[in-house]
Amino acid sequence: MVHKLLKSAATLFAVVALFAFAAPPLAAQQVNPTESSVQEEQLMRALQSGEAVSGRITIPDARAGDLIKPDNKNWAATHGGTVKTVNVVAILGMLVLLVGFYMYRGKIRIESGPSGRTIQRFNAVERFAHWLLAATFIILALTGLNLLIGRAVILPIIGESAFGTLSAWGKIAHNYLAWPFMAALVIVFVAWVLHNIPNKTDIEWIKQGGGLFKKGVHPPAKKFNAGQKVIFWSVIIGGAALSFTGVMLLFPELAGTSAQWQLYQVIHAIVAGIMTAIIIAHIYIGSVGMEGAFDAMGSGQVDENWAKEHHALWVEEKQAREGSAAIKPAGGASPQPAE
Amino acid sequence: MARMKFLCDADRCIECQACVTACKNEHEVPWGINRRRVVTINDGLPGERSVSMACMHCDDAPCAAVCPVDCFYTTADAVVLHSKDTCIGCGYCFYACPFGAPQYPRVGNFGTRGKMDKCTYCSGGPEADMTQAEYVKYGSNRLAEGKLPLCAEMCSTKSLLAGDGDIIADIYRERVVTRGYGSGAWGWRTAYGETISV
């Protein structure tokens, strides 16, 4: 028995020795082929900004080939961070400024009092374009803002079910009213661009602070003063940026990669917040902030004294062009021939 | 309570796609929606690995953070679920998710994606457990039946693990020690800010 064991051991030793001498190079090459593989940690460390750990996929959706894309979390953080902050600060900040301005300056009156005689400031086409732009913008701003802060502000008040329905309708309104908004933007641009090219009178207007902060100060202006030009170009440039990015968001295939879509979304939301703040100021000065201003876009007929105070050069131009017909007497009726 | 997680041991995955098929069948998922998919990294090269991926049910889920209607919620088992009644199909969660989990019934043009659909960890939705209403919207609720997700339960090589995070991490760690290698806990550092150290 012991002899047999010894014999086996000797044989084993011989075999081992044989292998040891005959095959050292082979043993060195004998790696486990499944042992060396891609490592999650290495791939994640090697990722550049915006990249994903991706591979081959057998389903038609090519985007599904991205296995892990950590940067998507950055977009989520930006959306809940910077984007939200910019919107809240811009809008609340503007409201605080306007309340402060109102307390300091009050309603800006027509200093020489209403004359009763009126001048046509905006015709029907201009007013239609303005109100189309205004109405669509307000709905777009509210429905857009709802996507950002609605869950914190409205959801706790009306509950999950009602808020879901409201937001679903809001999304539809946002997607479809974007088109009349863009149409109105084009009409407004064509109608007013020539009046909004900056010129020398704007420098004087800005130097005098537009007369906004002091009674009795009325820097001359043509059809649009420098402040209105700022509003115009903000609306045109901001509106164009919102339109372009908005169309990209509506058609993700056009936007390209998801990183591009995310970039467009961030631009869209930040520009929208700033635009909303600007428009709140515009609404203020066109309504409660200034006597006689609303008529320009309401009836289209502004009081002669208002026009002379705020747009002196424009009144002169208009009178030079149209003569006495430019100014309509009190009551708005055309002059009656003497009996 | 358990903290439910998935873990795909890529060194065992043979890319058979059975988890994908089982998921589709179990939940009657419509065409075009893949709650789970298998991605092959370094395909055809030495050291290629296939990873089965679905919703990872993240800590601080970014989908929930960006949802405009706050339709996501986390269950006691740490599963991230959502309400299709509240969802408006805006697509934000898709762009927030690092794993491509949110799916939509239609192509996204003009905001017509439809209600989002994603892996529910086989635990349904906000409706009452194991009701027809729940099944139609979210698929079956195996967790309520005391079972684990089907994809992991029927994985032929036991590559895909589902269960309490600590337990499946222990199983994976033991495997790595025994066989001497492991390609890592795919997605864990992104979803949970941690990985499994061996």
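Couple of notes before you dig in:
- Sparse-neighbour loop sites [GluC sites (Glu not before Pro); segment A:40-128; at most 16 other C-beta within 10 Å; DSSP]: A:GLU51, A:GLU111
- Among B:GLU26, B:GLU145, B:GLU153, residue whose mean-square fluctuation peaks in a GNM of chain B (springs only between Cα atoms under 10 Å): B:GLU145
- Dipole in debye (nearest 20) - the protein assembly as shown, about Cα centre, beta carbon charges: Lys, Arg +1; Asp, Glu -1: 660 debye
- With a simple spin-label model that places each label point 7 Å from the Cα along the Cα-to-Cβ direction, the separation between B:ILE167 and A:PHE128 comes to 7.1 nm.
- Efficiency of FRET between A:SER287 and A:LYS214 - r from beta-carbon atoms, R0 25 angstrom, step 0.05: 0.70
- Taking each DSSP H run with n ≥ 4 as -39500 (n - 2.57) and averaging over every residue of chain B yields -6500 deg cm²/dmol at 222 nm.
- Relative packing of B:93-105, A:182-194, B:64-76, A:97-109, which averages over residues the other C-beta atoms within 10 Å, highest first: B:93-105, B:64-76, A:182-194, A:97-109
- Selection from B:PRO98, A:VAL288, A:ALA141, by position along the positive dipole direction of the protein assembly as shown (Cβ): A:VAL288
- Between helix B:18-27 and chain B: long-axis angle, C-alpha atoms, 0 to 90°, nearest 10: 30 degrees
- Peptide B:180-192 - average C-beta neighbours from other chains (10 Å radius): 5
- Partner aspartates and glutamates for A:LYS69 [C-alpha distance under 20 Å; skip if fewer than 8 residues away on the same chain]: A:GLU40, A:GLU41, A:GLU51, A:ASP61, A:GLU253, B:ASP9, B:ASP43, B:GLU48, B:ASP59, B:ASP60, B:ASP117, B:GLU194
- Counting only other chain Cβ atoms within 10 Å of each residue's Cβ, the peptide B:82-88 averages 4.
- Dipole magnitude of segment B:20-174, debye to nearest 20 (Cβ charges: Lys/Arg +1, Asp/Glu -1, about Cα centre): 660 debye
- Paramagnetic reach from B:ASP85 in segment A:146-189 [backbone N under 15 Å; point 7 Å along Cα→Cβ]: A:159-166
- Mean Cα-pair separation over length for chain A, i.e. relative contact order, pairs under 8 Å, 6 or more apart, %: 27 percent
- With Cα atoms, 0 to 90° folded angle of helix A:312-322 axis to chain A main axis: 60 degrees
- Across all directions, the average flat footprint of the convex hull enclosing the Cα atoms of segment A:135-323 is 13.7 nm².
- Between the helical axis of A:160-192 and the longest alpha-carbon principal axis of chain A there is an angle of about 60 degrees.
- Only Cα sites of segment B:51-151 enter the Debye sum here, all with the same form factor; the resulting log10 I(q)/I(0) across q = 0.24 1/Å is -1.42, listed in q order.
- Averaged over the residues of peptide B:42-51, the number of Cβ atoms from other protein chains lying within 10 Å of each residue's Cβ is 4.
- Listed residues B:TYR138, B:ALA78, A:GLY80: farthest to the positive end of the dipole of the protein assembly as shown (Cβ charges): A:GLY80
- Anisotropy class of the protein assembly as shown from Cα gyration tensor, a/c 1.5 cut: prolate
- Neighbour-count ranking [beta-carbon atoms within 10 angstrom, fewest first] of A:TRP233, B:TRP188: A:TRP233, B:TRP188
- Most mobile listed residue (B:GLY89, B:GLY165, B:GLY32) in chain B, GNM with C-alpha springs under 10 Å: B:GLY32
- Distance violations [Cα-Cα > 32 Å] among B:LYS115/B:LYS147; A:LYS171/B:LYS158; A:LYS73/B:LYS115: A:LYS171/B:LYS158
- Here, chain B is characterised by an Rg to Rh ratio of 0.96, where Rg is the alpha-carbon radius of gyration and Rh the Kirkwood radius.
No lab work stands behind these numbers, since they all come straight from the coordinates. Please read these numbers as outputs of a predicted model, since none were measured by experiment. Virtual Cβ from ideal backbone geometry, glycine too; neighbours counted across all protein chains shown.
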